[in-house]
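The values are calculated or read from the model by the stated rules, or taken from the named source; none is laboratory data. Note that this is a predicted model, so its numbers are computed, not measured. As a convention, Cβ positions derive from the backbone with ideal geometry for all residues, glycine included, and neighbour counts pool all protein chains shown.
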């Protein structure tokens, strides 16, 4: 019995101990799990704080960007408003100044009119008292005297008014031209009389020449160009002053070099194929020019003639690019003065189409182009603008005047055209010789690249009235005898000096 009690007690104690141990293990596991959950919650809290911080920074940057954009927009609007306000102030000041000038002139005219009436009344009374003349005789006598006394004043007043009006017109015209030119963008194209064609090796030069020169003779005969084969490695030159022939020769030669079969028969075949492709290329260039300007309702042959202008040059300026530039300039100027810009654009594009014609059309390129456009169904406005763009006909419409101005601007702007040194020197000498051919000319100097000529005259031979007449004669002679791009300014100087020495 005692033994049983002891065993029972031991078992009880062992169970209690195991229970305590199990409870301790459970507590330790619970504490471990609680720590792990706390750490996990701390990490989640940190991640949430980090995400919240990033979100706040992102929103902050977005709002700062929007604030900067709004600030920039407000700054730009403020500048625009300031410029507009300044422009309005200047216009108001100019208007006020003009009104003051007009009021001053009206006051002067009113004062002179009152003085004139008083003088007339005095003369009338004096003549009636002394001469006992009739009223008609008195009026005639007064008219002669007043005209003699007021002739100089009226002439000066008329000259001042005309000069002021002319200055205003010139200022407005220059402003419109500058606004139009600033919106033009063009890239110069340089003409060349020779085209380089690459070849794979030096053996190809011998194959191009052929036995006894048969290949090169056939090539030059069929293309109308000159094939220059020299010691330059890896290339040959195709030379011709006709750009279309030169381009056909280049295409045919590149195909022959690529094919490798070079003989008279294949040369003729490739040249014929190149001519057909060249015609299509010309038409594509003309259609592209019409599409660039959005011009429709044209005859089907117009594109072919326009495409040929791409291969025509004037003072090394590509004629098609020049025509496009003139068309854009005409459209801008027409929009500025309030007329139809589409008609002006059409006139500008077609103004040099006569340069694409062959020798079957008589007359200058302006007259030939006008004849062609009339045959192709263009309107009388366009035909007249083309015919008058070199003043061979008197410009009778605003469109003709616009084409004349835009053509001059495109041709005379810096970098548009170039010429050889010999041609430049010859033009300068011709200009000076034309001026020196008149009587009373002491010296003549062409300056600014031939854009201006300054003339010194003998003051004893040429007076002020003759000087003005002589300037007009020189202008007419230059326009008649000299061919030049743009315009030439003529400055005539009449100077007379008197010197003495005081001792």
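If you check 318, 294, which single one turns out to be at pLDDT 85 or above and farther than 20 Å from residue 225 by Cα?
Numbers: 318 fails: at pLDDT 85 or above.
Within the list 318, 294, the selection yields 294.
Sort out which residues of the range 355-375 are over 15 Å from residue 299 (Cβ atoms) and in contact (Cβ under 8 Å) with a residue 12 or more places away in the chain, and write them in order of number. Steps first, please.
Step one: of the range 355-375, the residues over 15 Å from residue 299 (Cβ atoms) are 355, 358-368.
Within the range 355-375, 355, 364, 365, 366, 367, 368 qualify.
Do any residues in the range 376-391 that are more than 16 Å from residue 327 (Cα to Cα) and not assigned by TED's automatic domain parsing to the domain that holds residue 487 have Cβ atoms under 6 Å from those of residues that are buried (at least 16 other Cβ atoms within 10 Å of the Cβ) and at pLDDT 90 or above, where the two are at least six apart or on different chains, and which pairs are they?
Going by the 6 Å Cβ cut-off, there are no qualifying pairs.
Somewhere in the range 100-117, is a residue out of contact with any helix residue (DSSP H, G or I) (no Cβ under 6 Å at 6 or more places or on another chain), surrounded by 10 or more Cβ atoms within 10 Å (Cβ to Cβ) and farther than 30 Å from residue 147 by Cβ? Break it down stepwise before answering.
Filtering the range 100-117 for residues out of contact with any helix residue (DSSP H, G or I) (no Cβ under 6 Å at 6 or more places or on another chain) gives 100-117.
Now drop any that are not surrounded by 10 or more Cβ atoms within 10 Å (Cβ to Cβ), which leaves 100-117.
Among the residues that remain, those that are also farther than 30 Å from residue 147 by Cβ are: 100.
Checking the range 100-117: at least one residue is out of contact with any helix residue (DSSP H, G or I) (no Cβ under 6 Å at 6 or more places or on another chain), surrounded by 10 or more Cβ atoms within 10 Å (Cβ to Cβ) and farther than 30 Å from residue 147 by Cβ.
Could you tell me whether any residue of the range 437-445 is exposed (fewer than 14 other Cβ atoms within 10 Å of the Cβ), modelled with pLDDT of 85 or more, outside the structural domain of residue 316 (by TED's automatic domain parsing) and assigned to a strand (DSSP E or B)? Walk me through it before giving the result.
Keep residues of the range 437-445 that are exposed (fewer than 14 other Cβ atoms within 10 Å of the Cβ), which gives 437, 439, 443.
Now narrow it down to the ones that are modelled with pLDDT of 85 or more: 437, 439, 443.
Next, only the ones that are outside the structural domain of residue 316 (by TED's automatic domain parsing) stay: 437, 439, 443.
Of the ones still in play, those that are also assigned to a strand (DSSP E or B) are 443.
Yes: the range 437-445 contains one or more residues that are exposed (fewer than 14 other Cβ atoms within 10 Å of the Cβ), modelled with pLDDT of 85 or more, outside the structural domain of residue 316 (by TED's automatic domain parsing) and assigned to a strand (DSSP E or B).
Can residue 257 be described as under 30 Å from residue 208 (Cα atoms), surrounded by 16 or more Cβ atoms within 10 Å (Cβ to Cβ) and either outside the structural domain of residue 382 (by TED's automatic domain parsing) or more than 25 Å from the chain's Cα centre (by Cα) (or both)?
Details: under 30 Å from residue 208 (Cα atoms): yes; surrounded by 16 or more Cβ atoms within 10 Å (Cβ to Cβ): yes; either outside the structural domain of residue 382 (by TED's automatic domain parsing) or more than 25 Å from the chain's Cα centre (by Cα) (or both): yes.
When the stated conditions are applied, residue 257 passes them.
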